[in-house]
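First comes the structure, then the notes that go with it.
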Amino acid sequence: MEIFAHRGSSGTHPENTVPAFKEAAMLPVDGVELDVHLSKDGELVVIHDEKVNRSTNGKGYVKDMTLAELKQLDAGSWKADKWIGTAIPTLGEVFEVFAETWHDLNVELKTDIFPYPGAVKKVVDLAVSHGLENRLVISSFNHLDVQEATEQHNVTGAILASNILVDMAAYAETVGTKRLHLSLPFALRHGAELVNKGCEVYVYTVNRLDYAEQLRDIGVKGIFTDYPEKMLKEIT
């Protein structure tokens, strides 16, 4: 079963920051997951929420701030004092961390609240410029963007879902992928059925060993975890 570091090694480091990604890059996991928004001036920035309030010392929407303004924020001190001054990274900066590794890079486009037109192409073009297009996975709750990634850019796409959909395997075919990224409760109830229908099922966010073992036993292909080092030691 594949292991992806969720927002980097986010259980022990400030999520979606260079320190969290550098930690993940040193681990023999299969990949890393990260979240991308567009700044006011159209730059790809790595942060989870639409607002900066929770994970930085600032307030407001990512989309309303320029990259320069976002870079002034502290995205590390909320986790621990030793990360005071850690900045919100650009996607390019994160790609640089993994330039010489083998890890797959799962970019979750946060386009289900604000659409961020052109974001899919920006991500693909940046990956191509870094030679990472063959390691790129684009996932989103905005399935139109997943469809664009698969059909227009020939990039691996993944449908994110947290609720129960009718005949999800057939639905995935209309999007152009067999790869599903499912919430843990959804996967525990319906994962085996979807695996049996030929879907590639990945599950977020799995931090307990017993859940990881259950998912492995039903044929889940991979998990996203905040504690990749711990899961590496416990899941074989």
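The values are calculated or read from the model by the stated rules, or taken from the named source; none is laboratory data. Here the structure is a predicted model, which is why all the values come from computation and not from measurement. Backbone-built Cβ (ideal geometry, glycine too); neighbour counts: all protein chains shown. Accessible surface is based on the protein model in full, side chains and every heavy atom, while ligands, DNA and RNA are left aside. Shrake-Rupley method; radii C 1.70, N 1.55, O 1.52, S 1.80 Å.
Numbers at a glance
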read-out: Distance violations [Cα-Cα > 27 Å] among Lys59/Lys79; Lys197/Lys233; Lys79/Lys221; Lys40/Lys121; Lys51/Lys82; value: Lys197/Lys233; Lys79/Lys221
read-out: Reciprocal mean inverse distance between Cα atoms of the stretch 174-236 - Kirkwood radius, Å; value: 11.8
read-out: At q = 0.09, 0.16, 0.20 Å⁻¹, base-10 log of I(q)/I(0) for the stretch 87-224 (Debye sum, equal scatterers on each alpha carbon); value: -0.28, -0.85, -1.20
read-out: The stretch 120-165-the stretch 35-109 distance, computed between alpha-carbon centres (Å); value: 19
read-out: For the chain, calculated [θ]222 nm from helices alone, where every DSSP H run of n ≥ 4 adds -39500 (n - 2.57); value: -9000 deg cm²/dmol
read-out: Probe 1.4 Å, accessible area per residue of the chain, Å²; value: 44
read-out: Of all DSSP beta bridges in the chain, antiparallel share, percent nearest 5; value: 15
read-out: Top positive-direction residue, dipole computed over the stretch 134-221 with Cβ charges, set Leu184, Val166, Asn142; value: Leu184
read-out: Area of Tyr171 that stays accessible when all protein chains are in place (1.4 Å probe, Å², to 10); value: 80
read-out: q = 0.18 Å⁻¹: log10 I(q)/I(0) that the Debye formula gives for the stretch 8-134, counting C-alpha atoms only; value: -0.94
read-out: At q = 0.10 Å⁻¹, base-10 log of I(q)/I(0) for the chain (Debye sum, equal scatterers on each alpha carbon); value: -0.43
read-out: Ala68 paired with Lys197, simple spin-label distance in nm, labels 7 Å along Cα-to-beta-carbon; value: 5.1
read-out: Dipole magnitude (debye, nearest 20) for the chain, charges at Cβ of Lys, Arg, Asp, Glu; value: 320
read-out: Taking the stretch 110-236 and dividing mean pair separation by its residue count, relative contact order in percent (alpha carbons under 8 Å, at least six apart); value: 16
